[in-house]
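The values are calculated or read from the model by the stated rules, or taken from the named source; none is laboratory data. The structure presented is a predicted model; accordingly, all values stated were derived computationally and were not measured. Here the Cβ positions follow ideal geometry from the backbone for every residue, glycine too, while neighbour counts run over all protein chains shown.
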Amino acid sequence: MAPPPAVRRRPGPLGILMLGLWAAAGVALAVYLVEVWNPQLVATYGPAYLRGLWTTLSLVVISYAMGALLSVPVAAGRMSRQPLARGAAFSYVSFFRGTPLIAQIFLIYYGFGTFRTGFEAVGLWWFFRDAWYCAIFALSLNTAAYQAEILRGAIESVGKGQWEGARALALPRSVTIRRVVAPQAMIVALRPYANEFILMVKASALVAIISVFDLFGETRRAFSRSFDFQTYVWAAIFYLVLVEIVRRLTNLAERRLTRHLTR
């Protein structure tokens with residue numbers, strides 16, 4: 001017997017109001033762009049915007065991936081029974097979640113310069129003198145703290161009965177994590193991971209202050225030369241499109257992962 005089709009809920013009054021506000025904002029933005037449309041501005045700074053967009057995507061993807069790798073041992077430390085490992089992981093997460101990202105970028109880019117002699121002695125000054133590498137380093141450390149908490153929360157959300165059932169079947173711990181715990185934890189962690197990626201896309205604009213010409217950096221340069229406010233409007237549209245793409249891909253992934261739960 002086939003399962004009954006899913007019931008589609010109609011939007012309530014609040015949902016209708018929000019849709020109306022979004023529609024009004026979209027119309028107002030479209031009217032504004034039509035009125036201030038400047039083909040010369042687009043032709044002049046369009047290629048720079050595309051280069052900045054590519055820089056932003058590269059920066060976010062690389063930092064997010066490196067943060068994901070670093071988050072695994074940090075999350076393991078947070079769940080460890082060893083006081084030293086648990087304390088070190090807790091201190092790391094507390095520092096990077098409790099201090100502003102802009103302060104962390106400044107500490108790494110400007111603060112590490114005071115240790116130039118030491119970095120030159122070990123052959124690492126080439127890394128910390130470059131704004132691009134410092135931006136990746138700062139964003140990776142920051143997102144690793146958040147991803148570690150996401151991973152820890154997702155793993156701890158899996159019921160103890162799942163672990164006990166795996167032990168009753170004499171499954172190795174690696175198989176238990178890979179085949180039993182990870183699939184269930186991924187369903188819980190998908191949305192928080194997507195939200196963290198979206199936050200990184202927007203937070204990456206901060207690297208413009210250390211002369212990394214990402215999308216926002218190119219926008220600042222375009223405005224300083226043209227003094228046209230629509231340069232920032234176009235940057236906002238680029239960021240909005242990026243966030244919307246991530247949101248829709250997350251919805252597709254969530255439907256794929258939870259297809260066995262849909263009646």
*Go through the residues of the range 253-261 one by one and say whether even a single one is among the small types (G, A, S), surrounded by 15 or more Cβ atoms within 10 Å (Cβ to Cβ) and within 26 Å of Y133 (Cβ to Cβ).*
no
*Would you point out the residue of the range 17-51, among those that are in contact with a Lys or Arg (Cβ under 9 Å, 6 or more places away or on another chain) and not polar (S, T, N, Q), that is modelled with the lowest pLDDT?*
Y45
*Top-ranked residue in the range 90-139 [being hydroxyl-bearing (S, T, Y) and surrounded by 14 or more Cβ atoms within 10 Å (Cβ to Cβ); ranked as farthest from G52 (Cα to Cα)]*: Y92
*Mind telling me which of the residues V188, V180, V241, V201 ends up being touching a residue at least 60 places away in the same chain (Cβ under 8 Å) and among the β-branched types (V, I, T)?*
V201
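Please determine, by comparing only the residues of the range 153-167 that are under 29 Å from the mean Cα position of the chain (by Cα) and free of Cβ contacts under 8 Å to residues at least 40 places away in the same chain, which one is surrounded by the most Cβ atoms within 10 Å (Cβ to Cβ).
Taking the range 153-167 as the starting set, the residues that turn out to be under 29 Å from the mean Cα position of the chain (by Cα) are 153-159.
In the following step, the residues that additionally are free of Cβ contacts under 8 Å to residues at least 40 places away in the same chain were identified as 153-154, 157-159.
On the way: G153: 15, A154: 21, S157: 13, V158: 18, G159: 11.
So the residue we want is A154.
Residues are listed down the side, and each one gets a yes or a no for (1) among the aliphatic types (A, V, I, L, M); (2) at pLDDT 90 or above:
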{"position": "G165", "(1), (2)": "no, no"}
{"position": "A185", "(1), (2)": "yes, no"}
{"position": "L199", "(1), (2)": "yes, yes"}
{"position": "K202", "(1), (2)": "no, yes"}
{"position": "L206", "(1), (2)": "yes, yes"}
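One line per residue, one yes/no per condition, for (1) within 17 Å of the chain's Cα centre (by Cα); (2) among the charged types (D, E, K, R); (3) under 23 Å from A68 (Cα atoms):
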| residue | (1), (2), (3) |
| --- | --- |
| Y110 | no, no, no |
| F137 | yes, no, yes |
| P172 | no, no, no |
| A182 | no, no, yes |
| M186 | yes, no, yes |
| L190 | yes, no, yes |
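Going by the structure shown, is L206 surrounded by 14 or more Cβ atoms within 10 Å (Cβ to Cβ), under 21 Å from the mean Cα position of the chain (by Cα) and closer than 24 Å to I136 by Cα? First the steps, then the outcome.
Working: surrounded by 14 or more Cβ atoms within 10 Å (Cβ to Cβ): yes; under 21 Å from the mean Cα position of the chain (by Cα): yes; closer than 24 Å to I136 by Cα: yes.
Yes, satisfied.
Select, from A148, A185, A189, A170, the only residue that is farther than 25 Å from F213 by Cα and surrounded by fewer than 14 Cβ atoms within 10 Å (Cβ to Cβ). Steps first, please.
Numbers: A148 fails: surrounded by fewer than 14 Cβ atoms within 10 Å (Cβ to Cβ); A185 fails: surrounded by fewer than 14 Cβ atoms within 10 Å (Cβ to Cβ); A189 fails: surrounded by fewer than 14 Cβ atoms within 10 Å (Cβ to Cβ).
None of the others qualify; the one that does is A170.
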*Taking into account only those residues within the range 209-224 that are farther than 20 Å from V60 by Cβ and free of Cβ contacts under 8 Å to residues at least 60 places away in the same chain, which is surrounded by the fewest Cβ atoms within 10 Å (Cβ to Cβ)?*
S224
